[in-house]
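Data first, discussion second: the structure below is written as structure tokens.
The values are calculated or read from the model by the stated rules, or taken from the named source; none is laboratory data. Worth saying up front: this structure is predicted, and the values here are computed from it rather than measured. Ideal geometry is used to build each Cβ from the backbone, glycine not excepted, and the neighbour counts take in all protein chains shown.
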Amino acid sequence: MVFWVFGYGSLVWNPGFEYDEKVIGFIKGYRRVFDLACIDHRGTPENPARTCTLEEKEGALCWGAAYCVRGGPQKEKLAMQYLERRECEYDQKTLVDFYEETNALHPALTGVIVFTSTPDKSNKYYLGPAPLGDMARQIATACGPCGNNRDYIFLLEKAMHDIGHEDDMVIELANEVRNVIEDMKSVITREKLVGPGQLPYPHDPIPALQVQPLPEPIALDSL
């Protein structure tokens, strides 16, 4: 028996399990979104990270890597146990067709496993969509036992570049995270110079200067 699993997030650059073959390609009808909480790897329950999951969308393509595990039941069991433990925030396994760039009309593989999440409150890890700036601030500040959330988005951005199929959403979000980090650095630098609590957040309006009125002149004949 052989199984294939499709990676579209950290599995693209860090599969973490023993596999026999890796193929770059895509699946149809899904797009990558950052709507899932991670509380045990790159975040905590108090400050969850945002990681990617898949959202169904007609006409969309999601590029990534398919990994083949073969070599007997024990090897396959160990690989799947590892994946289920690692992908614990994803509450379902979906079987998809996998395509290679050389033939986008006919699937190179069928029945490929992909870990996905139910997009509603029945999945306690589902965060849902949020404005770009809010997602970026969450990613810029979250950190967990396996590292910080910002590295996740930067490594995914690089991984997609390395396989030759950049994701516009990943690039846009990564750039916004960089902007948030620069703003945070600016605040820290200015606080060192002026002192904490003396400066507004970079995006807050600077309060108007309060001018005190001059005293009334004293009449000479009153002296």
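Keeping to the stretch 92-140, report how many residues are in contact with a Ser or Thr (Cβ under 6 Å, 6 or more places away or on another chain) and under 21 Å from TYR67 (Cβ atoms).
Of the residues in the stretch 92-140, 6 are in contact with a Ser or Thr (Cβ under 6 Å, 6 or more places away or on another chain) and under 21 Å from TYR67 (Cβ atoms).
Residues of the stretch 15-46 being touching a helix residue (DSSP H, G or I) at 6+ places or on another chain (Cβ under 8 Å) and surrounded by fewer than 16 Cβ atoms within 10 Å (Cβ to Cβ), which ones?
If the condition is that a residue be touching a helix residue (DSSP H, G or I) at 6+ places or on another chain (Cβ under 8 Å) and surrounded by fewer than 16 Cβ atoms within 10 Å (Cβ to Cβ), then GLY16, GLU18 are the ones that fit.
Using the structure shown, decide if PHE3 is surrounded by fewer than 21 Cβ atoms within 10 Å (Cβ to Cβ), out of contact with any Leu (no Cβ under 9 Å at 6 or more places or on another chain) and either within 24 Å of ALA108 (Cβ to Cβ) or aromatic (Phe, Trp, Tyr) (or both). First the steps, then the outcome.
Values: surrounded by fewer than 21 Cβ atoms within 10 Å (Cβ to Cβ): yes; out of contact with any Leu (no Cβ under 9 Å at 6 or more places or on another chain): yes; either within 24 Å of ALA108 (Cβ to Cβ) or aromatic (Phe, Trp, Tyr) (or both): yes.
Answer is yes for this residue.
Do you know which residues across the stretch 7-19 are out of contact with any Pro (no Cβ under 7 Å at 6 or more places or on another chain), closer than 14 Å to ALA79 by Cβ and not in a helix (DSSP H, G or I)?
Filtering the stretch 7-19 down to residues out of contact with any Pro (no Cβ under 7 Å at 6 or more places or on another chain) leaves 8-19.
From what is left, the residues that are closer than 14 Å to ALA79 by Cβ are 11, 15-19.
Those that are out of contact with any Pro (no Cβ under 7 Å at 6 or more places or on another chain), closer than 14 Å to ALA79 by Cβ and not in a helix (DSSP H, G or I): PRO15, GLY16, PHE17, GLU18, TYR19.
Could you grab me the full set of residues in the stretch 81-134 that are of a type in the set (Gly, Ala, Ser) and in contact with a Leu (Cβ under 9 Å, 6 or more places away or on another chain)?
Filtering the stretch 81-134 down to residues of a type in the set (Gly, Ala, Ser) leaves 104, 108, 111, 117, 122, 128, 130, 133.
Those that are of a type in the set (Gly, Ala, Ser) and in contact with a Leu (Cβ under 9 Å, 6 or more places away or on another chain): ALA104, GLY111, SER117.
Consider GLY128 carefully, then state whether it is within 21 Å of ALA37 (Cβ to Cβ), in contact (Cβ under 8 Å) with a residue 40 or more places away in the chain and surrounded by 13 or more Cβ atoms within 10 Å (Cβ to Cβ). Outline the logic, then answer.
Numbers: within 21 Å of ALA37 (Cβ to Cβ): yes; in contact (Cβ under 8 Å) with a residue 40 or more places away in the chain: yes; surrounded by 13 or more Cβ atoms within 10 Å (Cβ to Cβ): no.
No.
Which is out of contact with any strand residue (DSSP E or B) (no Cβ under 8 Å at 6 or more places or on another chain), in a helix (DSSP H, G or I) and surrounded by fewer than 20 Cβ atoms within 10 Å (Cβ to Cβ), of ARG150, ARG137? Give the derivation first.
Numbers: ARG150 fails: surrounded by fewer than 20 Cβ atoms within 10 Å (Cβ to Cβ).
Among ARG150, ARG137, only ARG137 is out of contact with any strand residue (DSSP E or B) (no Cβ under 8 Å at 6 or more places or on another chain), in a helix (DSSP H, G or I) and surrounded by fewer than 20 Cβ atoms within 10 Å (Cβ to Cβ).
Identify, by number, the condition in (1) closer than 26 Å to GLY164 by Cβ; (2) out of contact with any Ser or Thr (no Cβ under 6 Å at 6 or more places or on another chain); (3) hydrophobic (A, V, I, L, M, F, W, C) that LEU54 doesn't meet.
Result: LEU54 passes all but (2).
Can you tell me which residues in the stretch 80-105 are touching a strand residue (DSSP E or B) at 6+ places or on another chain (Cβ under 6 Å) and either of a type in the set (A, V, I, L, M) or not in a loop (DSSP other than H, G, I, E, B) (or both)? Give the derivation first.
Our first condition is that a residue be touching a strand residue (DSSP E or B) at 6+ places or on another chain (Cβ under 6 Å); within the stretch 80-105, this holds for 87, 89-90, 92-100.
Correct list: GLN92, LYS93, THR94, LEU95, VAL96, ASP97, PHE98, TYR99, GLU100.
Could you give me the residue pairs with C-beta distances under 6 Å whose first residue belongs to the stretch 71-88 and is more than 11 Å from GLU18 (Cβ to Cβ), whose second residue is outside any helix (DSSP H, G or I) and modelled with pLDDT of 95 or more wherever it lies, and which are 6+ apart or on separate chains?
GLU87/PHE115
Which one is farthest from HIS106 (Cα to Cα), of the residues in the stretch 24-79 that are basic (Lys, Arg) and in a strand (DSSP E or B)? Give the derivation first.
First, the residues of the stretch 24-79 that are basic (Lys, Arg): 28, 31-32, 42, 50, 57, 70, 75, 77.
Applying the additional criterion that residues be in a strand (DSSP E or B) yields 28, 31-32, 50, 57.
On the way: LYS28: 11, ARG31: 19, ARG32: 22, ARG50: 33, LYS57: 19 Å.
Of everything passing the filter in the stretch 24-79, ARG50 is farthest from HIS106 (Cα to Cα).
What tally of residues in the stretch 54-79 results from selecting those that are touching a Gly at 6+ places or on another chain (Cβ under 8 Å) and surrounded by 15 or more Cβ atoms within 10 Å (Cβ to Cβ)?
Result for the stretch 54-79: 6.
Considering only residues of the stretch 158-215 that are of a type in the set (A, V, I, L, M) and part of a loop (DSSP other than H, G, I, E, B), which is modelled with the highest pLDDT? Walk me through how you get there before you give the answer.
Kept after step one, since they are of a type in the set (A, V, I, L, M), are these residues of the stretch 158-215: 159-160, 163, 169-171, 173-174, 177, 180-181, 184, 187-188, 193-194, 199, 206, 208-209, 211, 214.
Cutting the leftovers down to part of a loop (DSSP other than H, G, I, E, B) gives us 163, 199, 206, 208-209, 211, 214.
Details: ILE163: 97, LEU199: 43, ILE206: 31, ALA208: 36, LEU209: 33, VAL211: 35, LEU214: 37.
Restricting to residues being of a type in the set (A, V, I, L, M) and part of a loop (DSSP other than H, G, I, E, B), the top hit is ILE163.
Pairs under 7 Å by beta carbon, first residue closer than 21 Å to GLY164 by Cα and exposed (fewer than 12 other Cβ atoms within 10 Å of the Cβ) in the stretch 100-117, partner modelled with pLDDT of 95 or more and of a type outside the set (A, V, I, L, M), six or more apart or different chains?
none
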